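All remarks here apply to the structure that follows.
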Amino acid sequence: MPPAATAPGGFIGRRRELKALRADIARTGLDTLSGRRGARSRVLLIAGRPGSGRSALAAELARQLADDYPDGVLRAALTNPGGGPVPLDLVARDLLTELGAPVQPGAAEDELTEALRAALAERRTLLLLDDAAGAEQVEPLLPDAAGCLVVAVSEGPLTGITDVRPCTLGGLDNASAVALLSRYAGPTRITVDPRSADAVAEECGGRPAALVLAGGWLAERPKSSVADLLQALREVPEPAGEPAGDRPLARAFRLVYDSLSPVAARTLRLLGLAPAGIADAHIASALAGCSVAAAEAALRDFAARGLMRPVQEDGAEAAEPDPRGHGSGYAGSAGLQAQYAMPGCLAPLVRAALDAKERPAEIQLARARMLERTVRLLQSCRALGEPAGSPARQKVAGLPRSLRFASAASAAAWLRSRRPALLEAARIAVEEGELDTLDRRLMAAIVRTLIAHQGAEAAAPDLYGLHGLVLEVAERRGLAREQAAALLNLGDLDAQAGRTTDAMARYRGALSAAREVRDPIATVRALESLGGTYTELGDWQRAADWYGRALELRLTRGENADGARLHGRIGAVHTYAARWGAALKEWRAAYGTYRRLGDVAGQARALGEVARVQEYAGRPEESLRTCTAALSLAAEARDGRLEAALQLRIADTLDRLGDPATARLHRAIGERLLSDHPQ
């Protein structure tokens with residue numbers, strides 16, 4: 001992922017810090033001094049309080065160093081907008097995905113971090129780890145490659161990691177602080193009153209985030225002077241309970257927040273609910289209960305005031321928001337919405353205002369509106385992954401234009417860019433919820449949309465996490481039906497990943513939960529899954545037993561087509577175990593059921609398997625007659641590939657019976673059919 005968080009020429013100040021950081025890269029480390037080559041990458045630490053510009057400095061450093069690391073720059077945020085740590089397995093998984101490395105769904109944290117280190121071992125990559133809470137988040141991600149560089153951003157030291165080169169940030173120097181203020185207010189007012197500008201910089205403690213807010217306040221008031229800004233700042237009371245280092249930012253935020261209209265202030269407060277701290281016009285519109293166009297205008301205004309930052313295409317926030325609020329804007333289509341991120345240093349202040357001003361019922365209603373809008377966008381996005389003319393496409397055609405995507409490509413791009421926020425929305429929905437109707441719809445919509453655009457295999461790691469969230473809340477609240485469904489889905493993913501023992505435990509748990517609430521659908525699915533797991537383990541007797549239980553339940557419910565399929569599975573298990581008589585009985589039962597259902601293709605497949613078992617049992621003449629009958633049924637069903645397979649089987653049987661000429665004829669027909677009916 002190329003670094004794009006800081007545009008060339010857009011970064012202000014920190015020249016001394018940048019020079020020192022670059023010098024630290026080449027400086028001799030402790031391993032070199034001891035005569036050993038460093039086994040791990042060099043680690044640079046940029047430490048500072050939130051709002052000190054630490055992330056912007058890291059992004060600028062990455063931009064300047066990008067050419068030195070030909071394998072690219074990787075970014076990862078280690079703290080979520082709510083202030084909690086991002087689980088390391090999620091961080092490692094996302095980084096592996098960026099590298100194009102395979103990711104096993106449900107893999108443990110240590111497996112993923114080890115895979116990440118292995119993937120980086122032969123690369124020359126710059127890894128930017130933003131907002132680390134401590135060394136325990138950074139150390140497992142450090143590449144075992146001296147050619148890599150890690151730039152970590154944290155509030156304090158990374159105690160426990162050797163040879164870390166720290167760069168501790170205070171406020172900007174006075175000249176840089178005034179230059180940042182001038183970017184918003186314009187040079188004229190700064191030049192006219194430089195002393196007041198210096199005093200404003202001092203009031204803001206040289207903190208870039210506070211200076212951006214102060215500059216945004218001045219930019220909104222063309223007739224106000226810098227002295228007016230200084231007086232307004234000094235009139236803001238000192239916030240009670242705030243550490244001295246955080247007071248300048250808290251006062252600057254209060255100045256800007258109090259200047260907002262009541263409607264704008266409420267919109268800003270509700271944006272604190274946006275998943276992953278990222279919002280577009282649709283999210284803002286749903287939270288505030290206003291039109292999409294009005295929400296887009298509000299987001300632009302907040303960006304101009306320094307309250308939000310435009311998110312660039314690679315997912316990075318712009319280091320400094322455009323003081324004019326320019327961006328891609330609302331274009332009337334769901335796929336073209338500009339995204340804005342709330343700076344992490346402002347999120348606690350906005351959340352405090354939300355808790356102080358909004359009633360819990362209003363917060364719950366706003367979140368419900370947001371989830372409902374997200375579900376509709378997901379349904380629209382999923383439809384674009386379906387074939388043209390499908391019912392899903394036709395349904396979406398009736399939606400408002402703002403909820404429709406222009407093309408499948410734009411829908412897929414929207415899904416990629418919104419994926420972190422969607423997964424965070426799912427986490428929030430189940431964290432304190434009861435899996436009500438809206439929560440279920442959201443989870444189902446995310447799962448189906450991911451599968452529609454990415455495929456089940458590519459989406460498996462995300463699906464594992466989503467089903468895990470459902471299982472967590474289902475177990476916590478005693479929701480047996482939801483617990484059974486989640487366990488079945490997780491078991492399937494474990495089985496696909498080769499974790500057969502884990503899959504079996506999931507299926508047994510699902511069976512117990514399904515029986516508790518007398519859910520026949522989940523029960524029979526769990527029984528079949530257990531049969532498939534024992535088949536994978538080569539335990540033919542238990543496999544046949546579990547399949548038999550599922551068959552009994554299917555037949556009791558009148559599900560004859562599924563019953564025929566299960567007869568076939570039991571027949572296959574007996575075939576593996578060389579129990580030819582039992583296998584023939586089951587395949588003939590499957591053939592009889594398909595015949596009663598009028599399924600000609602099913603009859604042909606079942607009869608073909610009867611012929612296979614007869615061949616294995618040493619009865620080639622019977623096998624030939626049965627296979628010929630199956631061939632007639634396959635031709636009637638117009639199943640070309642099945643015809644081809646049966647022709648080739650007849651050819652093999654004729655070879656064994658000593659008729660090579662006829663065998664060649666059937667083999668030629670089979671090969672021609674295969675070419676005419678490719679997979």
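No value in this document is a laboratory result; all are computed from the given coordinates. For clarity, every value in this text was computed on a predicted model and none was experimentally measured. Here the Cβ is made from the backbone with ideal geometry for all residues, glycine too, and neighbour counts use every protein chain on show.
In table form, for the structure just shown:
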{"item": "Unit charges at the beta carbon, dipole of the chain: most positive-side option, Leu78, Gln104, Leu273", "result": "Leu273"}
{"item": "Relative contact order of segment 435-529, pairs being alpha-carbon contacts under 8 Å that are 6 or more residues apart, as %", "result": "21 percent"}
{"item": "Cα gyration tensor shape of segment 503-628, rounded if a/c is under 1.5, else prolate or oblate by comparing a/b with b/c", "result": "oblate"}
{"item": "Footprinting exposure proxy for Arg649, Arg401, Arg557, Arg351 (fewest neighbouring C-beta atoms within 10 Å first)", "result": "Arg401, Arg557, Arg351, Arg649"}
{"item": "Loop-located GluC sites (Glu not before Pro) in segment 179-246 whose Cβ has at most 16 other Cβ within 10 Å (DSSP)", "result": "Glu220"}
{"item": "Leu149 long-range amide H proximity, modeled H, under 5 Å", "result": "Thr125, Leu126, Leu127"}
{"item": "Other-chain or far-sequence residues with amide H under 5 Å of Asp163's (modelled H)", "result": "none"}
{"item": "Relative contact order computed over segment 165-242 (Cα-Cα under 8 Å; 6+ residues apart), in percent", "result": "35 percent"}
{"item": "Lys/Arg +1, Asp/Glu -1 at C-beta; segment 174-259 dipole; positive extreme among Thr191, Ala209, Pro237", "result": "Thr191"}
{"item": "For the chain, fraction of C-alpha pairs farther apart than 51 Å, in %", "result": "28 percent"}
{"item": "Dipole magnitude of the chain, debye to nearest 20 (Cβ charges: Lys/Arg +1, Asp/Glu -1, about Cα centre)", "result": "1220 debye"}
{"item": "Shape of segment 174-259, Cα gyration tensor, a/c cut at 1.5", "result": "prolate"}
{"item": "Separation of alpha-carbon centers, segment 549-593 and segment 607-679, rounded to whole Å", "result": "22 Å"}
{"item": "Taking the chain and dividing mean pair separation by its residue count, relative contact order in percent (alpha carbons under 8 Å, at least six apart)", "result": "8 percent"}
{"item": "Exposure proxy ranking, count of Cβ atoms within 10 Å, fewest first, for Ile278, Ile283", "result": "Ile278, Ile283"}
{"item": "Between segment 105-143 and segment 416-471, the alpha-carbon center distance in angstrom", "result": "24 Å"}
{"item": "Segment 346-389 versus segment 263-301: alpha-carbon centroid distance in Å", "result": "10 Å"}
{"item": "Segment Leu657-Ala244, extension gain: residue separation times 0.36 nm, minus the distance between their alpha carbons", "result": "139.3 nm"}
{"item": "Exposure proxy order (Cβ contacts within 10 Å, fewest to most) of Cys381, Cys167, Cys204", "result": "Cys167, Cys204, Cys381"}
{"item": "Near-label residues of segment 447-478 by backbone N, under 19 Å of a point 7 Å along Cα→Cβ of Glu536", "result": "456-468"}
{"item": "Net dipole in debye of segment 565-679 [+1 Lys, Arg Cβ; -1 Asp, Glu Cβ; about Cα centre; nearest 20]", "result": "360 debye"}
{"item": "Size descriptor, Kirkwood hydrodynamic radius, that averages inverse alpha-carbon separations across segment 15-168, Å", "result": "15.7 Å"}
{"item": "Among 358-370, 631-643, the order from most to least packed when residues are scored by Cβ within 10 Å on average", "result": "631-643, 358-370"}
{"item": "Charge-dipole axis of the chain as Lys and Arg at +1 and Asp and Glu at -1 on Cβ define it, positive-most pick from Gln647, Met342, Thr125", "result": "Gln647"}
{"item": "Hz values of 3J(HN,Hα) by residue in segment 70-75 - Karplus curve (6.51, -1.76, 1.60), Gly and Pro given as x", "result": "x, 8, x, 10, 10, 10"}
